[in-house]
Amino acid sequence: MHIKAYRYSKYKGVNEMEAKKLGIWLVAIALAVTVSISGTTYYFGVGPFARGRTKLVVTTTTSLYDTGLLEAIEDQFEAKYPIDIYFISAGTGIAIKYAQRGDADMILVHAPSKERAFLEDGYGVCRKIIAYNFFTIVGPEGDPAEISGLTPTQALIRIVETGRKGEALWVSRGDDSGTHTKEKGLWTAAGFDWTKLRDEDWYMESGTGMGKTLQITNEKSAYTLADMGTYLKYYTDQLISLEVVVDAGKELLNVYSAIAVNKTYNPEVNFDAAITFIKFLVSEEGQQIIDQFGQGVYPQKLFYPTVQLLKENTDPTLVSWIKEFAYFDGEECPEEYQDDHKELYG
Amino acid sequence: MSVETEIFEIAVRAIAVSGAATLLAALWGLPAGVFLGLKSFRGRSIVKGFFNAMLGMPTVGLGLILYLAFSRAGPLGFLHLLYTPLAITLGQAVLITPITVSFVTSTIESVDPEIRDLAKTLGASETQASIAVLRESISGVFLAIIASFNRAIAELGVALMLGGNIRGITRVLTTSIALETTRGELVLGITLTIILLSIVFTLNTLVNLIQRRETG
């Protein structure tokens with residue numbers, strides 16, 4: 001006790017010095033906070049704009065981003081234009097929600113029914129179809145439900161039948177993404193009400209992204225609907241052993257579109273940059289990046305460009321499928337949603 | 001940009017963003033913790049209980065709340081902070097404040113109350129007595145700050161919701177790990193995890209050494 005008393009006796013004499021020291025410490029900490037925060041912000045945030053570049057926030061569906069396609073496009077675009085693209089990778093549902101809240105300048109999505117509502121509600125303009133590929137129904141080796149070779153609709157009916165017998169499982173994304181939207185449409189086309197199916201034992205909802213869903217499906221030896229890009233990536237890297245069982249038919253068509261956020265709806269939006277980027281995506285250069293992406297890495301193309309196909313009608317069947325599935329009243333983007341950019345639809 | 005430089009940049013960004021958050025939390029958390037630890041006032045236990053409970057704040061939950069606040073349609077939208085590193089810093093500072101406050105409070109409470117009384121008996125003023133107590137609990141304060149930093153750099157929810165994981169702007173270690181995992185790049189994910197752990201370990205060791213020299 002008296003040792004402590006000795007130690008603390010010094011406070012009596014140097015009271016003011018101690019208080020001063022504390023003050024200096026507080027000032028030092030405050031200074032460190034200010035410097036580090038402003039430094040961080042400048043270096044990582046403001047820096048690019050001081051160099052005269054503008055910012056374009058694009059919320060995008062996961063399949064385009066997670067495969068790496070958008071990064072490939074970004075690199076070439078940013079080298080050419082003074083625009084920095086901020087990609088926010090989320091499901092189509094969230095991508096649209098973010099744009100509606102004014103947090104995005106543009107969206108890249110793949111759910112025509114949702115896109116139509118987005119245009120009609122006044123949130124979006126200047127829609128352009130940029131790419132397509134096909135969804136695929138994947139399942140365990142051996143195909144226990146024996147759906148290989150069936151049409152998508154027949155296959156789903158068979159999965160329900162065998163599922164109810166306890167011989168097959170289905171994993172749904174269940175996350176309101178573009179893929180989930182497609183899946184719901186397929187169930188409806190097959191004559192089922194998905195809101196009732198989800199209560200059945202053989203039907204599971206992963207509530208997560210495509211990659212994770214594929215891994216769950218793989219673990220459970222189940223079936224699921226996947227976008228070709230993510231599936232090929234996982235399959236090629238040997239992360240899953242699921243096989244493609246149904247991959248043909250217009251029901252499985254997957255169409256990706258770009259939509260700019262309407263500047264009348266959100267005046268703060270970087271509309272000009274969005275239009276510049278959309279034009280780049282549908283330009284020969286942009287379409288070529290989409291066409292060549294992943295070549296040599298994957299056994300087949302992940303995405304197919306659409307611009308030339310739709311313009312020159314090189315594959316009438318396919319074009320009719322795209323038009324039926326992803327056109328609104330016979331048009332890529334009805335005139336009232338074209339803003340002042342008719343040139344996009346020449 | 002090569003993968004190595006990109007990873008390096010991500011790691012530096014993660015340290016800068018979470019380091020700033022830690023300093024910010026210390027700026028208001030330390031005084032608050034000292035105050036809570038030393039003063040007795042009505043409702044003190046409620047305030048303490050609040051901070052203790054907030055230790056369990058789910059990071060995505062906080063991320064969502066702050067997203068709604070920082071969103072252009074939200075009350076703080078005019079600041080244009082969403083999808084900037086500063087937004088992550090602020091969000092992480094909010095997240096770790098309860099850690100700073102609770103740790104500092106309990107370390108100060110654990111100091112022998114006699115020291116304070118003794119200092120006062122020896123003629124120290126209230127402030128000086130507080131400084132004496134703070135001195136005794138300096139290692140606990142270090143621990144509070146380190147624990148706060150560890151939580152900040154290791155959290156995912158806030159960084160993802162407020163930063164958006166934008167390449168070259170707001171991509172930090174945890175958001176990269178999440179992205180690479182969904183991409184199926186598991187090796188890269190593990191590499192990033194090891195980098196994160198190395199940072200945390202190195203920093204903890206450094207602080208331990210400094211502390212030993214200071215107090216030893």
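Under 9 Å between Cβ atoms, which residue pairs at least 6 apart in sequence (or on different chains) link something in the stretch B:58-77 that is more than 13 Å from chain A (Cβ to nearest Cβ) with a partner that is part of a helix (DSSP H, G or I) and among the basic types (Lys, Arg)?
B:Thr59/B:Arg151
Can you tell which of B:Glu185, B:Glu155, B:Glu136, B:Glu180 is buried (at least 19 other Cβ atoms within 10 Å of the Cβ) and more than 13 Å from chain A (Cβ to nearest Cβ)?
Just a single option satisfies the conditions, and that option is B:Glu155.
Could you tell me how many of the residues in the stretch B:105-133 are open to solvent by 10 Å² or more (accessible area, probe 1.4 Å), facing chain A (nearest Cβ under 8 Å) and outside any loop (DSSP other than H, G, I, E, B)?
5
Restricting attention to the stretch A:227-260, which residues are within 21 Å of A:Thr306 (Cβ to Cβ), within 14 Å of chain B (Cβ to nearest Cβ) and either outside any helix (DSSP H, G or I) or not small (Gly, Ala, Ser) (or both)? First the steps, then the outcome.
Initially, the stretch A:227-260 is screened for residues within 21 Å of A:Thr306 (Cβ to Cβ), giving A:227-232, A:247-260.
Next cut, within 14 Å of chain B (Cβ to nearest Cβ) only: A:227, A:229-232.
The answer is A:Asp227, A:Thr230, A:Tyr231, A:Leu232.
Residues are listed down the side, and each one gets a yes or a no for (1) over 17 Å from A:Asn266 (Cβ atoms); (2) at pLDDT below 90; (3) among the hydroxyl-bearing types (Ser, Thr, Tyr):
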{"residue": "B:Leu38", "(1), (2), (3)": "yes, yes, no"}
{"residue": "B:Arg44", "(1), (2), (3)": "yes, no, no"}
{"residue": "B:Phe50", "(1), (2), (3)": "yes, no, no"}
{"residue": "B:Met54", "(1), (2), (3)": "yes, no, no"}
{"residue": "B:Met57", "(1), (2), (3)": "yes, no, no"}
{"residue": "B:Leu62", "(1), (2), (3)": "yes, no, no"}
{"residue": "B:Ser71", "(1), (2), (3)": "no, no, yes"}
{"residue": "B:His80", "(1), (2), (3)": "no, yes, no"}
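Among the residues of the stretch A:70-82, write down those that are among the aliphatic types (A, V, I, L, M) and surrounded by fewer than 20 Cβ atoms within 10 Å (Cβ to Cβ).
A:Ala72, A:Ala79
Closer than 19 Å to A:Thr61 by Cβ, touching an Asp or Glu at 6+ places or on another chain (Cβ under 7 Å) and at pLDDT below 95: does that describe A:Gly229? Walk me through it before giving the result.
On the way: closer than 19 Å to A:Thr61 by Cβ: yes; touching an Asp or Glu at 6+ places or on another chain (Cβ under 7 Å): no; at pLDDT below 95: yes.
No, not satisfied.
Counting only residues that are out of contact with any helix residue (DSSP H, G or I) (no Cβ under 6 Å at 6 or more places or on another chain) and open to solvent by 40 Å² or more (accessible area, probe 1.4 Å), how many does the stretch A:143-184 have?
Of the residues in that region, 15 qualify.
Being part of a loop (DSSP other than H, G, I, E, B), of a type in the set (Asp, Glu) and open to solvent by 70 Å² or more (accessible area, probe 1.4 Å) is the filter here, so list the residues in the stretch A:295-346 that pass it.
The initial filter retains those residues of the stretch A:295-346 that are part of a loop (DSSP other than H, G, I, E, B), namely A:296-297, A:299-303, A:306, A:313-315, A:327, A:329-330, A:332-334, A:338-341, A:346.
Next, from what is left, pick out any that are of a type in the set (Asp, Glu): A:315, A:329, A:332, A:339-340.
Selection gives A:Asp329, A:Asp340.
Quick one: how many residues across the stretch B:70-98 are open to solvent by less than 20 Å² (accessible area, probe 1.4 Å) and hydrophobic (A, V, I, L, M, F, W, C)?
Qualifying residue count for the region: 7.
Could you please let me know if B:Leu82 is among the aliphatic types (A, V, I, L, M), touching a residue at least 24 places away in the same chain (Cβ under 8 Å), closer than 30 Å to A:Gly39 by Cα and not in a helix (DSSP H, G or I)?
When the stated conditions are applied, B:Leu82 passes them.
Can you find a residue in the stretch A:254-263 that is at pLDDT below 95, more than 20 Å from the chain's Cα centre (by Cα) and surrounded by fewer than 15 Cβ atoms within 10 Å (Cβ to Cβ)?
So far as the stretch A:254-263 goes, no, none of its residues is at pLDDT below 95, more than 20 Å from the chain's Cα centre (by Cα) and surrounded by fewer than 15 Cβ atoms within 10 Å (Cβ to Cβ).
When you go through A:Tyr65, A:Tyr86 one by one, which is the residue that is more than 29 Å from B:Ala25 (Cβ to Cβ), at pLDDT 65 or above and either charged (D, E, K, R) or open to solvent by less than 60 Å² (accessible area, probe 1.4 Å) (or both)?
Unique residue meeting the criteria: A:Tyr65.
The values are calculated or read from the model by the stated rules, or taken from the named source; none is laboratory data. Just so we're clear, the structure is a prediction, and the values are computed from it rather than from any experiment. Glycine gets a Cβ as well: all are built from the backbone with ideal geometry, and neighbour counts include every protein chain shown. Keep in mind that these areas ignore ligands, DNA and RNA; they rest on the heavy atoms of the full protein, side chains included. Shrake-Rupley method; radii C 1.70, N 1.55, O 1.52, S 1.80 Å.
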